[in-house]
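Trainee: Below you will find the structure I want to go over with you.
FYI, it's all coordinate maths here, none of it is from the lab. Just so you know, these numbers come straight off a predicted model, no measurement behind them. Neighbour counts run over all protein chains shown; Cβ positions are idealised from the backbone, glycine included.
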Amino acid sequence: MVRAPAVLTTFSFPTRYRPARSRVYTFGMPDQNFGSVDPAVAAALSHIVGPRHVRTTKAERVTYSKDGLTVHQRMPGIVVLPGTRDEVIAVVRLLAAHGVSFVPRGAGTGLSGGALAHEGAVLLVLTRLNRILDVDPKNRRATVEPGVVNAKLSAAAAPHGLLYAPDPSSQSACTIGGNVAENAGGPHCLKYGVTANHVLALEVVLADGQVVQLGSSGGEPWGPDLVGLFVGSEGNFGVVTRITVRLLPVPQAIRTLLADFGSVRTAGEAVSALIASGIVPAAMEMMDQSCIGAVEDSIYAAGYPRDAAAVLLVELDGRADASVAVEAASVETLLKSHGARSVKTAVDARERERLWLGRKKAFGAMGRLSRDLAVQDAVVPRSRLPDVLEAIGRIAQRYDLKVSNVFHAGDGNLHPNISFDGRVDGLRARVDAASGEMMAACIAAGGTITGEHGIGLDKLRYMPLIFGPDSLAAMLAVRRVFDPLERVNPGKVIPVHACREWAVAPSTRNAERGRRNGKAGSQPQDEARTRLEGSAFRLPASEFTE
Ligand SMILES: Cc1cc2nc3c(=O)[nH]c(=O)nc-3n(C[C@H](O)[C@H](O)[C@H](O)COP(=O)(O)OP(=O)(O)OC[C@H]3O[C@@H](n4cnc5c(N)ncnc54)[C@H](O)[C@@H]3O)c2cc1C
């Protein structure tokens with residue numbers, strides 16, 4: 001049996017990369033304190049959007065100081081809520097003229113600290129741009145403003161027999177603009193693809209206020225794939241103000257199965273076996289016992305078996321009932337032959353909705369377990385899921401932490417969630433260390449540091465484990481094409497300070513790194529793996545906000 005690598009104990013980054021001590025977590029750079037925004041800017045913003053839509057008091061700004069990953073906090077200098085595309089352009093131009101940094105924000109459901117702005121920056125909230133501009137059933141596409149809530153787009157398309165496929169579990173709140181910026185996934189992205197596969201065209205306001213059109217609403221792009229480049233850029237390249245997306249027909253036939261397993265390993269192995277069989281379910285989600293308990297104790301109770309070590313929620317869909325029924329029968333047989341204790345099929349749409357509501361509200365239900373929740377997000381090769389899940393269990397045990405797993409298993413996506421009470425002395429440090437080790441275990445298994453929640457602030461410290469100096473320098477160079485002065489969402493995604501150094505002489509640094517390792521030109525990812533497998537590695541601690 002392949003075992004997950006042992007978890008790490010010691011490693012320190014070179015002195016110059018060490019994070020500065022500050023209340024807010026930053027990796028590899030001192031916290032960027034640009035001072036407060038000039039009050040004249042607030043007055044000018046009021047002139048553009050109206051005084052009601054500019055928030056300057058501490059009580060107002062604190063509402064926007066966190067996103068869905070509440071372990072991070074930053075107080076924005078000013079919060080501005082434009083109501084139209086023209087107001088966005090005017091705001092961005094004003095900020096450019098004053099050299100003020102800004103952070104685009106949708107609904108703030110992000111889980112990587114990406115939509116937070118520091119004291120010297122303006123938070124540009126796009127939720128008032130919430131119009132569905134066009135639903136074009138003939139061409140199966142829609143054009144929306146960025147603040148449209150994900151679920152509302154599918155609701156608007158439903159009368160035409162269409163839907164918008166990417167369905168993050170936060171779809172009742174998150175916005176399409178935020179989905180584009182994060183390249184959001186969701187349960188049904190296993191079959192239908194993530195946000196990047198559904199965006200046809202974008203209108204983007206660049207940091208200097210220029211307005212550019214990327215892609216083509218006809219779906220036949222020419223030249224370089226700039227839409228592909230922009231989707232997933234985490235608010236680093238500019239503000240999306242219009243989005244044209246593909247719509248798909250609502251499936252005519254659906255079967256939803258709930259399989260119950262006596263061990264997490266067996267459930268993980270069944271996931272691999274099902275995909276290896278060639279069947280691609282519309283969705284395949286896993287929840288472990290702790291998650292099941294949280295859901296069943298909540299108002300979202302879905303009838304999941306409490307004594308199961310894990311359940312798989314598998315959905316199959318298609319055009320014809322008969323073929324979907326045949327496929328569902330094959331899946332049931334396969335899951336049983338791979339250890340499922342029972343497989344139940346939802347009898348009607350109501351039961352199906354109940355099963356899905358439990359899954360989609362699982363994060364919320366975990367709020368019952370403790371005061372704080374650190375949500376992790378990684379991806380591993382599907383075949384390594386059982387090993388990595390066991391490794392995560394061992395880490396949780398060693399740190400004496402409560403971890404609940406709920407994730408898009410079919411994609412090899414993982415969300416170990418640590419419930420804790422941040423008021424308990426020393427607990428945050430333990431959560432932080434355990435999170436780092438979990439992430440390291442995923443990297444060591446050949447995975448990567450985010451499946452869908454993005455890097456934001458939270459994952460900055462892991463970037464050098466995955467990308468070499470040359471790759472980080474290339475990312476920075478691309479960012480500067482869109483935003484030469486790095487004023488949009490500064491300090492996110494790329495560990496800027498380190499990268500700036502690398503950008504000077506990347507090859508030399510790479511070679512030095514190789515020499516230190518006794519190998520010419522080796523990549524940090526290899527280094528990380530070597531260190532991980534040698535059990536001699538510790539990630540630098542982040543600093544969760546007090
Ligand atoms: C309960 C729960 C479940 C979740 N489930 C999933 C899931 O299944 N799949 C998944 O992928 N994610 C999931 N998420 C994470 C989150 O909902 C997604 O990342 C979502 O795409 C964020 O959208 P938002 O509108 O809240 O964006 P925000 O959190 O406001 O912002 C996220 C990022 O997008 C940028 N941004 C926002 N709007 C714009 C714009 N108009 N132009 C440029 N940049 C912009 C911000 O700067 C920031 O970097 C979940 C979150 C929660 C709380």
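Trainee: Mind pulling up the Rg/Rh value for the stretch 132-249? Radius of gyration and Kirkwood radius, both on Cα.
Mentor: Details: Rg = 13.1 Å, Rh = 14.0 Å.
Rg/Rh for the stretch 132-249 comes to 0.94.
Trainee: Something else: Just going by the charge dipole of the stretch 34-125, with Lys and Arg at +1 and Asp and Glu at -1 on Cβ, which of A42, L95, G108 is farthest out on the positive end?
Mentor: G108
Trainee: Using a cut-off of 17 Å between alpha-carbon atoms, which aspartates and glutamates can reach K191, once sequence neighbours fewer than 8 places away in the same chain are excluded?
Mentor: D167, E285, E315, D317, E327, D411, E452
Trainee: Hey, got the dipole for the stretch 244-316? About the Cα centre, +1 on K and R Cβ, -1 on D and E Cβ, debye to the nearest 20?
Mentor: Numbers: 4 positive and 8 negative charges, 64 e Å.
So the dipole magnitude of the stretch 244-316 works out to roughly 300 debye.
Trainee: Label Q213 and D307 with points 7 Å out from Cα along Cα→Cβ: what is the distance between them in nm?
Mentor: According to this spin-label approximation, the distance is 6.3 nm.
Trainee: If you don't mind, another one. Hey, which lysines would be in cross-link range of K336, C-alpha to C-alpha under 19 Å, not counting anything within fewer than 8 residues on its own chain?
Mentor: Within reach: K344.
Trainee: Could you work out how far apart the two model spin labels at S330 and R52 are, taking each label as a point 7 Å from the Cα in the direction of the beta carbon, and quote it in nm?
Mentor: For the pair S330/R52, the computed spacing is 5.7 nm.
Trainee: What does the net charge come to around K191 if you take all other residues with beta carbon closer than 14 Å to its beta carbon, with K and R at +1 and D and E at -1?
Mentor: Numbers: positive: R255, R319; negative: D167, E285, E315, D317, E327, D411.
Summing Lys and Arg as +1 and Asp and Glu as -1 gives -4.
Trainee: So which of K58/K402; K360/K402; K66/K492; K152/K361 end up more than 22 Å apart, counting from Cα to Cα?
Mentor: Working: K58/K402 34 Å; K360/K402 20 Å; K66/K492 15 Å; K152/K361 17 Å.
Check vs 22 Å cut-off fails for K58/K402.
Trainee: Restricting things to Cα coordinates, could you compute the convex hull volume per residue of the stretch 251-367 in Å³?
Mentor: Values: hull volume 10.4 nm³, N = 117.
With only Cα atoms used, the stretch 251-367 gives 89 Å³ per residue.
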